[in-house]
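Throughout, read-outs are computed from the coordinates displayed, never taken from laboratory work. The structure presented is a predicted model; accordingly, all values stated were derived computationally and were not measured. We place every Cβ from the backbone using ideal geometry, glycine too, and count neighbours over all the protein chains shown.
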Amino acid sequence: MEDLIKKLEFIAFSKSKPFCYGCYKEAPSGRCEICHSDDLMRLVDGVGVEFGTDWVVKHLIETNLSKAETESAFEESVCESYPETVKVGWMDLDTITVMKTMDRVWWNMAHGEYVDNEVADDRLITFDNGSTYFQTSDVERFVEEQM
């Protein structure tokens, strides 16, 4: 994963420009020609400026890749482990619907554990501390296309 992150940082560096916020000028040489500062932000045209490359990586991923559908993937995983329907009295009901309806808190906890396992197994990756996930294979493909 470290190698992937380093490649993403390299891409972010190449897709952004050094920018002196104090002078509000681009600094293509890596040093501001006006104030001579090398404490520069990164500029992405039409997006903004900020220190570091983490925000550039996040922007590139979010604009070029689709978010992982963790809820539907989790449902699929549950469907593989349990029968499609469950009998309640005389009724045959959809197992997933019964599980979600009967205990939404448990369902959400199980979904969270599923996502955590996918991240631990390097199948999912996040760039915003878990608000959004992407398939690691999609990110790797994006990196290869950009390199």
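Values for this structure:
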{"item": "Distance (nanometres) between label positions extended 7 Å along Cα→Cβ at T97 and E76", "result": "2.2"}
{"item": "Net charge, Q135 excluded, C-beta distance under 11 Å - Lys, Arg +1, Asp, Glu -1", "result": "-2"}
{"item": "Karplus-derived HN-Hα couplings along region 83-94 (A = 6.51, B = -1.76, C = 1.60, θ = phi - 60°), whole Hz, x at Gly and Pro", "result": "x, 5, 10, 10, 8, 10, x, 9, 9, 9, 10, 5"}
{"item": "Helix axis angle, 2-15 relative to the chain longest principal axis, alpha carbon, degrees", "result": "50"}
{"item": "Dipole in debye (nearest 20) - region 2-64, about Cα centre, beta carbon charges: Lys, Arg +1; Asp, Glu -1", "result": "140"}
{"item": "Debye log10 I(q)/I(0) at q = 0.18, 0.21 Å⁻¹ for region 70-135, Cα point scatterers", "result": "-0.71, -0.88"}
{"item": "GluC sites (Glu not before Pro) restricted to region 1-105 and DSSP loop, no more than 10 other C-beta within 10 Å", "result": "E84"}
{"item": "Built amide H within the under 5 Å cut-off of L43, gap 5+", "result": "K17, F19"}
{"item": "Given (1) 11.5; (2) 12.1; (3) 9.4, the label whose value is mean projected area of the Cα convex hull in nm² derived from this model", "result": "(1)"}
{"item": "Cα-based helix-to-principal-axis angle, 54-64 vs the chain, degrees rounded to 10", "result": "60"}
{"item": "Cβ-based charge dipole, the chain, positive-most Cα from A73, F51, M91", "result": "F51"}
{"item": "Residue-averaged 222 nm ellipticity for the chain, from DSSP H runs of 4+ at -39500 (n - 2.57), nearest 500", "result": "-15500 deg cm²/dmol"}
{"item": "Under 13 Å, Cβ to Cβ, from F13 - net charge with Lys/Arg +1 and Asp/Glu -1", "result": "+3"}
{"item": "Tilt relative to the chain, helix 104-120 - C-alpha long axis, 0 to 90 degrees, to 10", "result": "50"}
{"item": "Amide H contacts of T85 (H built 1.01 Å from N, under 5 Å, at least 5 apart or other chain)", "result": "T95"}
{"item": "DSSP loop chymotrypsin sites (Phe, Trp or Tyr not before Pro) with at most 13 other Cβ within 10 Å excluded, longest remaining stretch of the chain", "result": "91-147"}
{"item": "Within straight-line cross-link reach of K25, lysines at Cα separation under 29 Å, skipping those fewer than 8 residues along the same chain", "result": "K6, K7, K15, K17, K58"}
{"item": "Estimated distance in nm for a label pair at S37 and Y24, the labels positioned 7 Å out from Cα along Cα-to-Cβ", "result": "1.3"}
{"item": "Residues whose placed amide H lies under 5 Å from that of K25, excluding near-sequence neighbours", "result": "C20"}
